[in-house]
1. Which of (1) touching a Leu at 6+ places or on another chain (Cβ under 8 Å); (2) of a type in the set (D, E, K, R); (3) at pLDDT below 90 does Glu7 not meet, given it meets every other one?
2. List, please: which pairs have Cβ atoms under 7 Å, are six or more places apart or on different chains, and start with a residue in the range 43-56 that is farther than 17 Å from Gly27 by Cα and end with one that is hydroxyl-bearing (Ser, Thr, Tyr) and modelled with pLDDT of 90 or more?
3. I'm checking my understanding of the structure. Among residues of the range 14-57 that are closer than 19 Å to Val4 by Cβ and assigned to a loop (DSSP other than H, G, I, E, B), which one is nearest to the chain's Cα centre (by Cα)?
Amino acid sequence: MRQVVCEMLVLALGDSARWLQAAPLGGTVKLTGFLAAKSRNSKTPVLHVNTIEFLEGNENGSILQEEG
C-alpha cells in the first residue's frame, strides 16, 4: 500500500467542521467526500468532506465521524 500526500482546499459544514476545528494542527486524518470545482469560473478542486477518521494520537483505535 502506498501513501499519497497532497495539499487541497477542504470544505466541511456542521458537525464535520466542528470535528476538524477541534483536531490538533499537524495531526493525521483520513477524509472522504467528493471533489468539485471551487467555483464555476475556477478549475481548482475542493474536497467536500463527508467522513473524518482521526489516525494518530488514539491508542484505542481510530475515531470515525460520519455525516448524518
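1. Glu7 satisfies every listed condition except (1).
2. Cβ pairs passing all conditions: Asn50/Thr32.
3. Among those residues, the one meeting the criterion is Thr28.
The values are calculated or read from the model by the stated rules, or taken from the named source; none is laboratory data. Since the model is a prediction, treat every value here as computed from it, not as a measurement. Cβ sites come from the backbone with ideal geometry, for glycine too, and all protein chains shown count toward neighbours.
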